[in-house]
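Below: the structure, in structure tokens.
The values are calculated or read from the model by the stated rules, or taken from the named source; none is laboratory data. In this text, all values refer to a predicted model and were calculated from it rather than measured experimentally. So basically every Cβ, Gly included, is an ideal-geometry build from the backbone, and we count neighbours across all protein chains shown. Only protein heavy atoms, including side chains, enter the accessible area calculation; ligands, DNA and RNA are left aside. Shrake-Rupley method; radii C 1.70, N 1.55, O 1.52, S 1.80 Å.
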Amino acid sequence: MNLENTKDLKLFFSEENLEFLKNINTELSKIENLIEKGQIKEEKYSLFINALTAKDFSNTNKEYFLDIQHTYSLIKQNQEDLKNLKNFLSRISTKLLSLVLNNCQPEETTHLINEINSNLNQYIELLEEIKKSFVANNISINTIDSYHSTKLLLTTFEMDLGEKLDETISLVSPNTTNKIDTSYSDIVGTTENKTLIISEKEQKVYLPYKKSELKAYMSQYPTSYYSYKNVIEKEFILPLDFFISNPSIARFRETYSLYRDREASSTFDAFKQAINLAFKSELNPAIIAACKTKKQLNNYLLCLSENKLDDFTDFEILYDINPQTAN
């Protein structure tokens, strides 16, 4: 599929996603090649198991026979996973073709774009999950293939199990998340950050996040967020001025948001809690924003009141203050 002349698609997809969509047929070919290799391995293992069964290995060498059966199940699992990937990409390709050909009404076009973005996010998760098991399974399969006993039996039966399987997977993920552009890249991860960073140096606040939060944003708002990096930069890296230009308002806003949005408290309760903390000058509003639950906030407030901030362990807090210059 040639998307070179579909410049309007830039309005609907991130640059990374659009590049992936341009090369979707290449990814499909890679998957088909892996499926073909796996099919050969599966067929050879099936014949090997039949030969072992004929020689009554299920009784005379039960442990080895079970190892071979388990290895066969790993091959079949990889094949199923690869076919799922192929089907997923094929569906995306079909929807993309409909979009490019422009055979639908405006409302249908919007629906298609949303579906493609959502499917790309789902594909990222599926590929990430499959990559781990695929590589682990192939390593196990190759290990069994290299057993001395396996080689002896194959020689005896005048059989072979084919080539070694790939112990890496070269499939490309859309929205490949690069490192966050920050001097705190050793702390701020691409899927998780356990540290609240309040940085005068960068004039930014880096809020903590977990992978599950990033996934939730991408799942709920597929047209607004197209990568983990995109979610992080929009939702978890905020200007320092957002918190310090008017700290009282910021404390009110963040407390209200915590109770109303994250805790689903009533409007009255959220308002009451926000008023209580709005003028607590020793409380940095960024810390309220970093709290995922009211329990975390209460934990911090207790440590603050007892002057035992080192006892707060829900997340780390790093203040990166500009050095003072001598007059």
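Among the listed residues N298, N276, N322, N307, which satisfies the condition of being part of a helix (DSSP H, G or I) and either of a type in the set (K, R) or loosely packed, with under 12 Cβ neighbours inside 10 Å (or both)? So that I can check it myself, show each step before the final result.
Values: N276 fails: either of a type in the set (K, R) or loosely packed, with under 12 Cβ neighbours inside 10 Å (or both); N322 fails: part of a helix (DSSP H, G or I); N307 fails: part of a helix (DSSP H, G or I).
It is N298.
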Item to complete: Please find, within the range 208-220, the residue that is nearest to the chain's Cα centre (by Cα) out of those that are surrounded by 13 or more Cβ atoms within 10 Å (Cβ to Cβ) and over 18 Å from E128 (Cα atoms).
Response: Y209
Worksheet item: For the range 151-202, how many residues are closer than 25 Å to S29 by Cβ, under 18 Å from the mean Cα position of the chain (by Cα), open to solvent by less than 50 Å² (accessible area, probe 1.4 Å) and modelled with pLDDT of 85 or more?
Response: 2
Fill in: Which listed residue is within 30 Å of I287 (Cα to Cα) and of a type outside the set (S, T, Y), from I139, I187, I144, I130
I187
Worksheet item: Can you tell me how many residues in the range 248-264 are over 30 Å from the mean Cα position of the chain (by Cα) and either of a type in the set (V, I, T) or in a loop (DSSP other than H, G, I, E, B) (or both)?
Response: 1
Discussion item. For the range 106-150, give me each residue that is surrounded by 13 or more Cβ atoms within 10 Å (Cβ to Cβ) and over 24 Å from L34 (Cα atoms).
Written reply: T109, T110, H111, L112, I113, N114, E115, I116, N117, S118
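What residue, among those in the range 281-291 that are outside any helix (DSSP H, G or I) and either in contact with a helix residue (DSSP H, G or I) (Cβ under 6 Å, 6 or more places away or on another chain) or free of Cβ contacts under 8 Å to residues at least 60 places away in the same chain (or both), is surrounded by the fewest Cβ atoms within 10 Å (Cβ to Cβ)? It would help to see each step written out before you state the result.
Our first condition is that a residue be outside any helix (DSSP H, G or I); within the range 281-291, this holds for 281-284, 291.
Still in the list and also either in contact with a helix residue (DSSP H, G or I) (Cβ under 6 Å, 6 or more places away or on another chain) or free of Cβ contacts under 8 Å to residues at least 60 places away in the same chain (or both): 281-283, 291.
Details: S281: 9, E282: 6, L283: 19, C291: 23.
In this case the residue turns out to be E282.
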Discussion item. For the range 293-327, give me the residue count where each residue is touching a residue at least 60 places away in the same chain (Cβ under 8 Å), of a type outside the set (A, V, I, L, M) and closer than 24 Å to Y259 by Cα.
Written reply: 2
